[in-house]
1. Of everything in region 219-239, what is modelled with pLDDT under 90, not in a loop (DSSP other than H, G, I, E, B) and not aliphatic (A, V, I, L, M)? Give them in sequence order.
2. For region 171-189, check the following and say yes or no: at least one residue is away from ligand 1 (no atom under 15 Å from the Cβ), more than 24 Å from residue 26 (Cβ to Cβ) and not hydroxyl-bearing (Ser, Thr, Tyr).
3. Would you mention how many residues in region 114-148 are over 19 Å from residue 34 (Cβ atoms), open to solvent by 10 Å² or more (accessible area, probe 1.4 Å) and within 14 Å of ligand 1 (Cβ to nearest atom)?
4. Can you name the residue in region 169-204 that is open to solvent by less than 90 Å² (accessible area, probe 1.4 Å), in a loop (DSSP other than H, G, I, E, B) and within 28 Å of residue 107 (Cα to Cα) and is also nearest to ligand 2 (Cβ to nearest atom) among such residues?
5. Filter region 22-41 down to the residues that are more than 10 Å from ligand 2 (Cβ to nearest atom) and either modelled with pLDDT under 90 or open to solvent by less than 10 Å² (accessible area, probe 1.4 Å) (or both) and list them by number.
6. Give the residue, chosen from 6, 84, 44, 106, that is within 16 Å of ligand 2 (Cβ to nearest atom), open to solvent by less than 40 Å² (accessible area, probe 1.4 Å) and modelled with pLDDT of 95 or more.
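The values are calculated or read from the model by the stated rules, or taken from the named source; none is laboratory data. All values reported here derive from a predicted model rather than from experimental measurement. Here the Cβ is made from the backbone with ideal geometry for all residues, glycine too, and neighbour counts use every protein chain on show. Accessible surface is based on the protein model in full, side chains and every heavy atom, while ligands, DNA and RNA are left aside. Shrake-Rupley method; radii C 1.70, N 1.55, O 1.52, S 1.80 Å.
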Amino acid sequence: MISIAVSSQKGGVGKTTASINMAHAFARAGLRTLLVDADPQGSVGLSLTRQSRMLSGFYDYLADPGIPLERLLVPTRLETFTLVAAGQASDYEVGGAPTGAHLARVRGFLRAVEARGFDICLIDTPAGLFGLTADIIASSDAVLVPQQAEPLGIRSVPKMLEGLNRLRVIHPRLIVLGVLMTMVQNDMAESRESVNALRQLLPGDLVLRTMIPRDALFVKASARGLPVGVLEDGAGALAVFDALRAEIEAKLERSGHTSLRRDGSA
Ligand SMILES: Nc1ncnc2c1ncn2[C@@H]1O[C@H](COP(=O)(O)OP(=O)(O)OP(=O)(O)O)[C@@H](O)[C@H]1O
Ligand SMILES: [Mg+2]
């Protein structure tokens, strides 16, 4: 199994939107996909399952790893797409726990997910790079960093990447998939320039080729509790997230992870 944390220094950059639609793309491609809402604000759960507040979820498992994983799994209309809601989070877990405090339990959770037969696990984390979020990243195979394409926003990216490099001291095999530009507006010079500036600032292919355009459809989709691809006019967005899935799979393969192959050879 491959686990990917979706994380950013700043809030509101499109992590949850990217997580939901990426998970949908992986699931549509036939991979047994688990999307974990690790954000106590619970937006994945909120948007995808109506009664998510009542569900036991990721935070309940952190508090009591004796809970069987099975009890946390929420099926969707797509057979290959399963969710884990955030559940009930305590203040300690959300903001008060020092980095490292949850490492063992997050790793235990991911082992249980793997043992259950999932091919890929996407984890939508709270913003920031400390405490539980740092533990989730340090427990994952890879991390993806969404960033809104706007001039002020991109300033935080180098700091985030520095932080990720520090995490690699405790987790040397962590794959930094790179920065995913979100809410890109090609008709706006500032948006285009912020993408170009980041590409010049960062080495190699650290800014993903695939970019998520700003589109009101994403807001509509969240309001209806759906990945954007299932909306009537969502074909364009579907293609974007399929391209993102392919780009991520290629990056993982270059890093030596072949377990996402669907031909049964892995
Ligand atoms: N590509 C997009 N086009 C238009 N609106 C978008 C797009 N991506 C996200 N949004 C909207 O921007 C807002 C923030 O997105 P989202 O909740 O995904 O960010 P986040 O990083 O998860 O935020 P938080 O840090 O609060 O968890 C939401 O209202 C969402 O609907
Ligand atoms: Mg979010």
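1. 220, 222, 229, listed by residue number.
2. So the first thing to find is which residues in region 171-189 are away from ligand 1 (no atom under 15 Å from the Cβ), and the list is 171-178, 189.
Cutting the leftovers down to more than 24 Å from residue 26 (Cβ to Cβ) gives us 172, 189.
Adding the requirement that they be not hydroxyl-bearing (Ser, Thr, Tyr) leaves 172, 189.
Checking region 171-189: at least one residue is away from ligand 1 (no atom under 15 Å from the Cβ), more than 24 Å from residue 26 (Cβ to Cβ) and not hydroxyl-bearing (Ser, Thr, Tyr).
3. 3
4. Here the residue is 174.
5. 22, 23, 25, 26, 27, 31, 33, 34, 35, 36, 40 - these are the residues of region 22-41 that are more than 10 Å from ligand 2 (Cβ to nearest atom) and either modelled with pLDDT under 90 or open to solvent by less than 10 Å² (accessible area, probe 1.4 Å) (or both).
6. Details: 84 fails: modelled with pLDDT of 95 or more; 44 fails: modelled with pLDDT of 95 or more; 106 fails: within 16 Å of ligand 2 (Cβ to nearest atom).
Matching residue, one of 6, 84, 44, 106: 6.
Every residue, every condition in (1) more than 19 Å from the chain's Cα centre (by Cα); (2) touching a residue at least 60 places away in the same chain (Cβ under 8 Å), yes or no:
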position	(1), (2)
171	no, no
177	no, yes
198	yes, no
209	no, no
228	no, yes
231	yes, no
250	no, no
255	no, yes
